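> Sharing a structure with you now.
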Amino acid sequence: MPKAIYAIWWDPNLGPFLGRSYPENDPLTSEEAVVIFMGHGLQQEAKVGYTKLAKGLVVSYLDSPNCIAVLLDENDDPSVVERNLLRLVGRINFNSSKWDAEITRAFLLLQELIAETSGQELLSNPHVTRLVEDMATGRVSALVPRHVLRATAKYPKASDYLGPDEEEVSRLLKDLERAGHLVPKTYGRRVECRQCGGTEVTLELACPSCGSNDIYKVYLVFCPKCGNRTQTVLVDDLTEVRCQQCKQPAKVSELSVIDVELLCKGCGQATNDPKIVLSCANCGKHMTNTDLLGGTGLAYYPA
């Protein structure tokens, strides 16, 4: 079980502030707090950080300016502590006026969460038990992921048993894997930034000629008034457009879109095949083919 838990804060002008810890016999130093924050990246872009201190390995969760750090025992599995730290942070009252009691409660709750999601205790959850039984009897042959642009692995069949929280479902499947009830096998590809490990992706359209992202969307539509085709630029908060043929106004809700082209404001070129730029939502790095194809998804099968 973890040895200690720490609450620290980051001020952009003054640096780290040391909060409460439990137990209190081995508090962090300011230097150690700085190292922990550095474990979240130069821009503090990573939610979860790993830091090797002289006193041991620390797993931390950062939701700036708040950071909760957990000191591991040498026999602790870091991935287990990380999953349960992510479960824990949603239950911490960061606005508490009684941090001595709050950090103590957090430490005890973390120990409970680790115990509940390990070994036979994991099967005390009836939803988990039913999932394992249905997989063992062949009712469910495999839990196959469905990847979304957010690059979160969804397991729809597992969610039928374990609930709609996709991140918690993934954590429970890893718990079941560690307990020997499930076997993971590679499945498909998972987007993952090689710079910071982020899995959230932003999509941006750019001109294929000059690379500018300053572009209009030009729609080819049927005019509901005269029935002719007409081109129009649709922007946000627009309620109606005027047909180029009959000159009458038409409500945007009545338009039938035939095709869409992009018109670059920079070079003036129109195209219906824009350049698609994917970037990491955490650190802003442009995704390369290796980022897009290098990650491996996991499907789970009965042990």
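All of the numbers you see were taken from the coordinates with simple rules; none came from a lab. The structure displayed is predicted, hence computed values, not measured ones. Virtual Cβ from ideal backbone geometry, glycine too; neighbours counted across all protein chains shown.
> Just round it to a whole percent: the fraction of Cα-Cα distances in region 90-198 exceeding 16 Å.
Roughly 67 percent, rounded to a whole number.
> If you find the alpha carbon centre of region 167-182 and of region 38-88, how far apart are they in angstrom?
If you average the Cα positions of each part, the centres end up 20 Å apart.
> In addition: By how many degrees, between 0 and 90 and to the nearest 10, does the Cα long axis of helix 99-116 differ from the longest principal axis of the chain?
Around 90 degrees separate the two axes.
> Right, something else. What list of whole percents do you get for P(r) of region 211-263, with Cα-Cα distances grouped in 5 Å bins up to the one holding the largest distance?
In whole percents, the pair-distance histogram is 5, 21, 31, 24, 11, 5, 3, 1.
> Roughly how big is region 211-263's charge dipole about its Cα centre, with Cβ charges of +1 (Lys, Arg) and -1 (Asp, Glu), in debye to the nearest 20?
320 debye
> With the dipole of the chain worked out from charges on the C-beta (+1 for Lys and Arg, -1 for Asp and Glu) around the Cα centre, which of T137, C246, I8 lies farthest toward the positive end?
C246
> While we're on this one: Quick one: which of 20-33, 77-90 comes out on top by average Cβ neighbours within 10 Å, and what's the full order, highest first?
77-90, 20-33
> Across 10 Å bins from the origin, how do the percents of Cα pairs in the chain run, short distances first?
Reading the bins upward from 0: 6, 20, 23, 20, 15, 12, 5, 1, 0.
> Then there's this: Using helices alone, I'd like the mean residue ellipticity at 222 nm for the chain: each DSSP H run of four-plus residues gives -39500 (n - 2.57), total over residue count, nearest 500.
Here the helix-only value at 222 nm equals -7500 deg cm²/dmol.
> Let me ask another. Which lysines does K247 reach when only Cα atoms under 23 Å apart count, and residues fewer than 8 places away in its own chain are ignored?
K217, K225
> So, one more: Angle between the Cα long axis of helix 166-178 and the longest principal axis of the chain, 0 to 90 degrees, nearest 10?
40 degrees
> Continuing with this model, one more query. What's the Kirkwood radius of region 4-116 in Å, using all Cα pairs?
Here the Kirkwood hydrodynamic radius works out to 13.9 Å.
> Excluding residues fewer than 8 places away in the same chain, name every one of the lysines whose C-alpha is closer than 24 Å to that of K185.
Here the lysines satisfying the reach criterion relative to K185 are K154, K157, K174.
> Set the Förster distance to 41 Å, then compute FRET efficiency between L42 and D100 from the Cβ-Cβ distance, nearest 0.05.
FRET efficiency, L42 to D100: 0.80.
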